Amino acid sequence: MIARHDKFINDIDTSARRSTPLALELQCRIARTGPLLVSQYMQACLRDPKYGYYIHNSTIGASGDFVTAPEISQVFGELIGIWCIVVWRHMGEPSELNLLELGPGRGTLMSDVLRVINRNHKLQININLHLLEINYTLKQRQKVLSNKTKSLTYHNDTKSICSAALQTDMPWVVIGNEFLDVLSVHQVVARKGVWYNRIVNCSLDSHLEFSIGDLAEPSQHINMSAKNVPDGEILELAPEISTMVLPMLKTLYQRSPVAALFIDYGHEHTGFGDTLQAIRCHKYEYPLTSPGEADLTAHVDFAHTASVLMEAGLVPHLIQTQAEFLGRLGIIERTSQLMSNNPDQAAELEAATMRLISPNGMGARFKTIALSSPDLYPLPVFMPIPALHIRN
């Protein structure tokens, strides 16, 4: 029986609507050209050039809309820095390393990663740092990272990354923390044994609403019959995994060894459920309430992601929880060391670590997946997939 996945939150007002500039823009657009697919709505909310959330909002941290793991504890970034060092050694200790972060936010994670790398003076690593970032304000915050690297290059899209990759034969380490969840999802709804597109339309009173559209096209990666699926069940597809992430990784691997690490919340196996959610000022709200002014995300389908990205020629590793990943990297030992060195902050340090690895919270809800070129398989602290035949 297929797994079932739902949002982590309940009791939100599904009727609430705010007349944001983007809401008005989308209402006019729908009136002109017709309803939007959920993926199109999500893209507009996050990346519309004029009103998109990620274009104009710099809202990470306690004063913003949400907090990510690097903002919770420095240990998170330090351990990923250690992982990068071990991967670099696994690559044969090349003189230069291309380090790419997808969606670096305020630069907190990368700052911690680079601090770990640079404080070990025995390491002869020249870091060429690449950041995929579209927010001008966040770019200004991140520029301090240039003091810790050989070079810093910004990319507004994955095509720019591909162009840069064709100019080098040095290996790549790719990090995406809470990046996959902001890629748009396409939702289909079961009805009388057939899948239909879920769409965003305008109601009679001109408010945005979800409804059912035309017949859905079959997916290459999730070819699932709706014959015995109850009416109303929702299945989510992630087209931008195929159109953005896959071509990027494929291009990186054309010339160089690649190791990629993705950390995000989601489910290990494909299943039914509407996981589209919005968060504003640290509170969840209905996805149609504040277009362009709330962070809009969906849970990551890790099995689907792995199956798609394998087409780049990379090899996936066993998916593990964030708690397992950080535990194998030594989060308990590092936290204990910090607590001993900073007794006045011991309680705060312990609480932050527990938040990252709690089985009732981020420790289990967040998963990690790694992919690598075959010659690097398996990567440090990741387990190989049993019986997976690797061709070098």
Quick one: which of T275, T289 is under 21 Å from S219 (Cα atoms), surrounded by 20 or more Cβ atoms within 10 Å (Cβ to Cβ) and of a type in the set (V, I, T)? T275
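Among the residues of the range 307-343, write down those that are out of contact with any Lys or Arg (no Cβ under 8 Å at 6 or more places or on another chain) and charged (D, E, K, R). Break it down stepwise before answering.
First, pick out the residues of the range 307-343 that are out of contact with any Lys or Arg (no Cβ under 8 Å at 6 or more places or on another chain): 307-310, 314-318, 323-343.
Passing the criteria: E324, R328, E333, R334.
Among I234, I241, I212, I199, which is the only one that is free of Cβ contacts under 8 Å to residues at least 40 places away in the same chain and either touching a helix residue (DSSP H, G or I) at 6+ places or on another chain (Cβ under 9 Å) or not aromatic (F, W, Y) (or both)?
Residue meeting the stated conditions: I212.
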Taking E240 as meeting all but one of (1) within 30 Å of T20 (Cα to Cα); (2) in a loop (DSSP other than H, G, I, E, B), write down the number of the exception. (2)
Test for G313: is it in contact with a helix residue (DSSP H, G or I) (Cβ under 7 Å, 6 or more places away or on another chain), within 29 Å of S184 (Cα to Cα) and free of Cβ contacts under 8 Å to residues at least 24 places away in the same chain: no
For L183, are the conditions met, namely being in contact with a helix residue (DSSP H, G or I) (Cβ under 6 Å, 6 or more places away or on another chain) and either buried (at least 19 other Cβ atoms within 10 Å of the Cβ) or on the phi > 0 side of the Ramachandran plot (or both)? yes
Residues in the range 57-64: is at least one of a type outside the set (S, T, Y) and at pLDDT 95 or above? no
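Test E293 against the criterion of being free of Cβ contacts under 8 Å to residues at least 12 places away in the same chain and either of a type in the set (D, E) or part of a helix (DSSP H, G or I) (or both), and give yes or no.
no
Here is a yes/no grid of residues against (1) surrounded by 19 or more Cβ atoms within 10 Å (Cβ to Cβ); (2) β-branched (V, I, T); (3) touching a strand residue (DSSP E or B) at 6+ places or on another chain (Cβ under 8 Å):
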residue	(1), (2), (3)
Q74	yes, no, no
W83	yes, no, yes
L99	yes, no, yes
G105	yes, no, yes
L114	yes, no, yes
E133	yes, no, yes
T149	yes, yes, yes
Y154	no, no, yes
Are any of the residues in the range 192-199 surrounded by 15 or more Cβ atoms within 10 Å (Cβ to Cβ), in contact with a Phe, Trp or Tyr (Cβ under 8 Å, 6 or more places away or on another chain) and modelled with pLDDT of 95 or more? yes
I212 vs. criteria modelled with pLDDT of 90 or more and either part of a loop (DSSP other than H, G, I, E, B) or under 29 Å from the mean Cα position of the chain (by Cα) (or both): yes
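The values are calculated or read from the model by the stated rules, or taken from the named source; none is laboratory data. Fair warning: this is a prediction, and the values are worked out from it, not measured in the lab. A quick note on method: Cβ atoms are made from the backbone with ideal geometry, for glycine too, and the neighbour counts reach across all protein chains shown.
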